[in-house]
Every structure is written in C-alpha cells, then in structure tokens.
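A quick write-up on the structure given underneath.
The values are calculated or read from the model by the stated rules, or taken from the named source; none is laboratory data. Because the structure is a prediction, the values reported are computed rather than measured. All Cβ positions, glycine included, derive from the backbone under ideal geometry; neighbour counts span all protein chains shown.
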Amino acid sequence: RAKADGRRMLQVFDPEMDRQTRERYALQHDLRTAVAHQELLLHYQPQARIDGTICGFEALARWRHPKRGLVSPATFIPLAEQDGSIVEIGEWTLREACREAASWPSPLQIAVNLSPVQFRFGDLASLVHSILFDTGLAPGRLELEITEGVLIRDAQTALTILRRLKSLGVKIAMDDFGTGYASLASLQSFPFDKIKIDRSFVSGVAGNGQSAAIVRSILTLGAALGMPVIAEGVETEEELDFLRAEGCAEIQGYLLGKPQMIEIYAEQISGRGGRFDYREIKSPALL
Ligand code: C2E
Ligand code: MG
Ligand code: MG
Ligand code: MG
C-alpha cells in the first residue's frame, strides 16, 4: 500500500518543473547558434598585485540573448557543457580574449577560463598554439584557468594536455581552489603557476575565524609549493588588509573593479607605462 502511494506520488505532474525543463531546453537550443549570431561578448575584470598594481585581466563570458537580455555564465556554461557547444564557445572566448590582449602594453596578462569538456574534445594544445600564432600574443601573457573538474575524469590525459600547454609557454592557474574534492592531490600532480582562492573563503575573511584559517592555510600551502596565490572576490578594504598581512601575492574582486566592457578600463590600459593603481579605477561608490 505504502509502495503504491509512493509510485503514485512520483507520477504527479508538476507544471512548474515542466516549465523549467522546457525553458532550459529552449535556452540550450538558442545557445547553439549564439557564436554564429555574434551574441557572445567578454567582460574583463582587473587582477592586481597586493600593492594595487594591475597585472592583467580575467575574461568572463556573457551571452546577450535576443529576447532575454544578458545571461550569466553561471546559467549558460553548464548548458553548453552538457551538449558540447562549450567547445565552440570556448574557442571563440580564447580567440577573442587573446586578440584583445595582444593590443595591450606587454606587461599586462590575460586570464581565460577553460571547461573540462574542452580537454576531452578537440585538440586543445594545438588550438591554443594556433590562436597565439594568429593573434601574435606572447604565450607568457596568457594564463589558462582550470578547475579540479579537469583532473577528475581521465586525469592522465588531462595532465598530458596541461604539459603540452605549459611547453607552449602559457601559464596555468588552479581556479576556485578549496571547493572541490581533490584540491591537495591536484596541486601535487601538476606545477600550477598560480592558485586562485575561491571567493567563498575570501568574502568576510576579516570577521570570520574559519574563513581566515582556511585562507591562511592556502597561503602557507602556496608558499611551500612555490605557487603564488591570488584571492578572488575581494570586496572590502578589511579583506585586502587581511590578505596583505598574510602575504597574499595578488587580488581580484569588486574592490578593484567589476567585470566590465574593456572600454571602461581603456584609460588604465593605455599610456601608463605598465604601472596602474587600483585606486584610480575604483568606482566612485567604493571610495
Ligand atoms: P570564475 O572563473 O571563478 O570567475 C569569478 C566570478 O566571480 C565571476 O563571475 C566574477 O564576476 C565574480 N566575482 C569577481 N569578483 C567578485 C566580487 O568581488 N564579488 C562577487 N560577488 N563576485 C565576484 P561570472 O562572471 O558570473 O562567472 C561565473 C563563472 O562562469 C566563472 O567563475 C567561470 O567558472 C565561468 N565562466 C565565465 N566565463 C567563462 C568562459 O569563457 N569559459 C568557461 N569555461 N567558463 C566561464
Ligand atoms: Mg576564473
Ligand atoms: Mg574562480
Ligand atoms: Mg568561482
């Protein structure tokens, strides 16, 4: 009797769930033509040394949907990973970001996110090689951000690709560090050029003992392994002061600047001889 009830419960039609599912499929369908229809764009967020000197920007994808407006990557990247369209989107992102960065003064670097799916389909190292050649960007100015997801499925193949990428001269950063299952093991398996502390540990670090302990231990780990650490999601002066006191090398976050169209940062990029102070670009609301 109870079993029968359970089965009946599972068959209950949920119109809300149905609507969400159809919406996801519709979005996923539209996404397949987003590159061809030139609906994707990149926003750029500054990254700086702890003294406020800007060293580069992270490229973050946005989708301008013809009817829904700007769609967040948190929504469309997972959809693109599911049906493989991330391969085309990822290639577009990489090419566009490198093309943009090639026009900047040479000390400035560009960071680009890679999806684990890009490691499984297509020849990623050859793609990066040809994009660097086509855009003329020096390999040392490109940093590829990967998450532990890359190393979870078929770690051996992923490591081979990462080594080929490094031999091109590009840098590899471990993104969202501390949020996955295999954090420590992944640091041991590959010499990352940088560790990015996830925003969830950084926000409120100044007033939260647990976050502070985690951030300190990641900084200690980075120092021991010779991997510089960048903190993402730095929003307040208190967080910045904490990170400086604890020896963090670099920061990224709203305190420095939000992801924006690159035109917003044009003045900081051109004609400053490669030295920029984050106080010059902080939006007035933060001053
Ligand atoms: P991520 O690579 O960890 O990027 C950092 C995210 O944190 C960005 O969200 C950025 O806008 C946000 N953020 C930075 N500083 C702050 C801050 O101070 N406060 C707060 N509240 N947020 C901050 P966004 O742009 O929505 O991107 C989300 C994620 O989508 C990225 O996380 C990345 O994993 C993924 N993504 C974005 N662009 C691409 C892409 O071109 N390719 C791939 N594979 N993934 C991408
Ligand atoms: Mg990233
Ligand atoms: Mg991150
Ligand atoms: Mg993140």
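Table for the structure above
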{"item": "Restricting region 19-38 to residues that are hydrophobic (A, V, I, L, M, F, W, C) and out of contact with any strand residue (DSSP E or B) (no Cβ under 9 Å at 6 or more places or on another chain), the residue that is surrounded by the fewest Cβ atoms within 10 Å (Cβ to Cβ)", "result": "Ala36"}
{"item": "Filter result for Gly204 (surrounded by 14 or more Cβ atoms within 10 Å (Cβ to Cβ) and at positive phi)", "result": "yes"}
{"item": "Meets criteria (more than 15 Å from ligand 2 (Cβ to nearest atom), in contact (Cβ under 8 Å) with a residue 60 or more places away in the chain and more than 30 Å from Leu40 (Cβ to Cβ)) for Ala224", "result": "no"}
{"item": "Glu239, sole failed condition from (1) surrounded by fewer than 23 Cβ atoms within 10 Å (Cβ to Cβ); (2) in contact with a strand residue (DSSP E or B) (Cβ under 9 Å, 6 or more places away or on another chain); (3) under 18 Å from Pro46 (Cα atoms)", "result": "(1)"}
{"item": "Pick from region 172-210, criterion within 15 Å of ligand 4 (Cβ to nearest atom) and small (Gly, Ala, Ser), ranking: farthest from Thr147 (Cα to Cα)", "result": "Ser203"}
{"item": "Filtered residue count, region 139-182, keeping only those that are within 16 Å of ligand 3 (Cβ to nearest atom) and touching a Gly at 6+ places or on another chain (Cβ under 8 Å)", "result": "6"}
{"item": "Lone qualifier among Leu41, Leu70, Leu60 - being part of a strand (DSSP E or B), touching a Phe, Trp or Tyr at 6+ places or on another chain (Cβ under 9 Å) and over 23 Å from Glu235 (Cβ atoms)", "result": "Leu41"}
{"item": "Extreme residue, farthest from the chain's Cα centre (by Cα), among residues of region 241-254 that are under 20 Å from Ile195 (Cβ atoms) and free of Cβ contacts under 8 Å to residues at least 40 places away in the same chain", "result": "Ala245"}
{"item": "Residue check for Leu168: surrounded by fewer than 21 Cβ atoms within 10 Å (Cβ to Cβ), more than 16 Å from ligand 2 (Cβ to nearest atom) and closer than 24 Å to Leu219 by Cα", "result": "no"}
{"item": "Selection status of Gly169, closer than 18 Å to Thr93 by Cβ, more than 16 Å from ligand 4 (Cβ to nearest atom), more than 18 Å from the chain's Cα centre (by Cα) and not hydrophobic (A, V, I, L, M, F, W, C)", "result": "no"}
{"item": "Residue in region 153-161 that is at pLDDT 95 or above and touching a Cys at 6+ places or on another chain (Cβ under 9 Å) present", "result": "no"}
{"item": "Helices (runs of 4 or more DSSP H) lying entirely in region 78-189 (those with 3 or more residues that are in contact with a Leu (Cβ under 7 Å, 6 or more places away or on another chain))", "result": "86-101, 124-135, 155-167, 183-189"}
{"item": "Subset of region 207-262 that is part of a helix (DSSP H, G or I) and basic (Lys, Arg) - its residue that is nearest to Asp176 (Cα to Cα)", "result": "Arg216"}
{"item": "Those residues of region 195-217 which are in contact with a strand residue (DSSP E or B) (Cβ under 9 Å, 6 or more places away or on another chain) and away from ligand 2 (no atom under 16 Å from the Cβ), in sequence order", "result": "Val205, Ile214, Val215"}
